[in-house]
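What follows draws every value from the coordinates through simple rules; no lab data is involved. Keep in mind that this is a model prediction, so the values were computed, not measured. Please note: Cβ atoms are built from the backbone with ideal geometry, for glycine as well, and neighbour counts cover all protein chains shown.
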Amino acid sequence: MQVDDVQRVTVLGAGNMGHGIAEVAALAGYDVVMRDIKEEFVQNGYEQIEWSLDKLAEKERISAEEADAALDRVDPIVDLETAVSDADVVIEAVPEQMAIKKDVYGDLEEHAPERTVFATNTSSLSITELSEVTNRPERFCGMHFFNPPVRMQLVEVISGAHTSDETMDLIEGLAEEMGKTPVRVRKDSPGFIVNRILVPLMNEAAWIVESGDATIETVDSTTKYDMGLPMGSFELADQVGIDVGYHVLEYMHEVLGDAYRPCPLLAEKVDAEELGKKTGSGFYDYENGGANVPT
Ligand code: 3HC
């Protein structure tokens, strides 16, 4: 399949990344199915897309007509078989845990047509290991978007050990059609490029606070104003989801060793289900003033 043959994209998962990727694909003109395991999850994702498209229109990044047309192209579905039965490309964005993703690929393989290419939005997990659950490891690669997908330009396109050059070309082309800048990652190693650098930065920031060396506000103002990053480390953790960063670290710790041991401060937030913006609070309180108000 060539990139020009792609018409229908199915996104599995309507969470933070899933609905954002569905939105990006719809804005690029694709017919999009967004699938999650419960009606309330797909509805919530759909409402998030609607909010985001309205915001883009309000900021004059797109017209109101483009926003309406993009929303019309998104079909929220719960039944997996219906969701993938006519998909050219499936982009999987389910929770960042190997066991969950493997289960999803087992089910997906049963229902997806032979031609369908699978791309995982995993933040860190082995593309090769995931691809081996399917009967099409050569038509399987990583397609890693950044949060929020509609605003972030980069997409990492990652080759597993079995990925064909045609699949890499197709997914790279698809990222370009979506208006993104793909970077090809040849080595399937934990965290790929961006998260290998960014997630330890968030972890180190947490260790500084955990050890009492500085406050969250001091660390964030330093990363933001002195190091020139667009968000402070804790603000960024809240933006991507503290659970997402934590699971990436757990995996990097397991595969790459002790340098990546997650700070207990992150585990405490995960246990308390204070995961960042998506739950209303994380390191900051978003129900009472956002990033200016630490919890
Ligand atoms: N859709 C539409 N609008 C959105 C939005 C979305 N998804 N998310 C935020 N906005 C809106 C905000 O509500 C705000 O609107 P308001 O002014 O009316 O309140 C507006 O966008 C802010 O946009 P601006 O252009 O004025 O603001 P910035 O210049 O600060 O840009 C940003 C916002 C692009 C998010 C910028 O802060 C940024 O680049 N942050 C860093 C994000 C980042 O690094 N992401 C990668 C994380 S790593 C990752 O995702 C990998 C994973 O695997 C862990």
Virtual spin-label span in nm between ARG151 and ASP72, 7 Å along Cα→Cβ | 2.8
Subtracting the Cα-Cα distance of GLU47 and ILE100 from 0.36 nm times their residue separation yields 16.6 nm
Angle in degrees between helix 194-210 and the longest Cα principal axis of the chain, rounded to the nearest 10 | 30
Karplus couplings for the stretch 238-249 from phi (6.51 cos²θ - 1.76 cosθ + 1.60, θ = phi - 60°), rounded to Hz, Gly and Pro as x?
-> 5, 5, 7, x, 5, 5, 5, x, 5, 5, 4, 5
Step through the residues of the stretch 32-42 one at a time and calculate ³J(HN,Hα) from phi using the Karplus curve (6.51 cos²θ - 1.76 cosθ + 1.60, θ = phi - 60°), rounding each to whole Hz and writing x for Gly and Pro.
-> 10, 9, 10, 10, 9, 7, 10, 3, 5, 5, 5
Given H placed on each backbone N at 1.01 Å, which residues far from ILE62 in sequence or on other chains put an amide H within less than 5 Å of it?
-> ALA57
Quick one: Debye curve from the alpha-carbon atoms of the chain only, equal weights, vacuum; give me log10 I(q)/I(0) at q = 0.08, 0.10 Å⁻¹ to two decimals.
-> -0.34, -0.53
Check TYR284: other-chain or 5+ apart residues with amide H under 5 Å from its amide H, H built from backbone geometry?
-> THR295
HN-Hα J in Hz across the stretch 85-94 - Karplus 6.51, -1.76, 1.60, θ = phi - 60°, x for Gly and Pro = 4, 10, 7, 7, 10, 10, 10, 9, 9, 8
To the nearest 0.05, what FRET efficiency results for THR215 and VAL255 with a Förster distance of 25 Å applied to their C-beta separation?
-> 0.20
When you count, for each residue, the other Cβ atoms within 10 Å and take the mean per peptide, how do 107-120, 231-244 rank with the highest first?
-> 231-244, 107-120
In the chain, what percentage of the DSSP-assigned beta bridges are antiparallel, given to the nearest 5?
-> 25
In nm, the gap between the two label points placed 7 Å beyond Cα toward Cβ at ASP169 and VAL194 is 2.6
Return the long-range amide H neighbours of ILE158 (sequence gap of 5 or more, or a different chain), with a cut-off of under 5 Å between placed amide H atoms.
-> GLY142, MET143, HIS144, VAL185
Cα centroid separation, the stretch 114-141 to the stretch 63-89 (Å) | 22
Extension gain VAL3-LYS55, at 0.36 nm per residue separation less the Cα-Cα distance, in nm?
-> 15.8 nm
Arranged from highest to lowest average of other beta-carbon atoms within 10 Å per residue, in what order do the peptides 20-33, 56-69, 3-16, 261-274 appear?
-> 20-33, 3-16, 261-274, 56-69
Paramagnetic reach from HIS111 in the stretch 30-61 [backbone N under 19 Å; point 7 Å along Cα→Cβ] | 31-46
So the angle from the long Cα axis of helix 16-27 to the longest Cα principal axis of the chain, reported in degrees to the nearest 10, equals 50
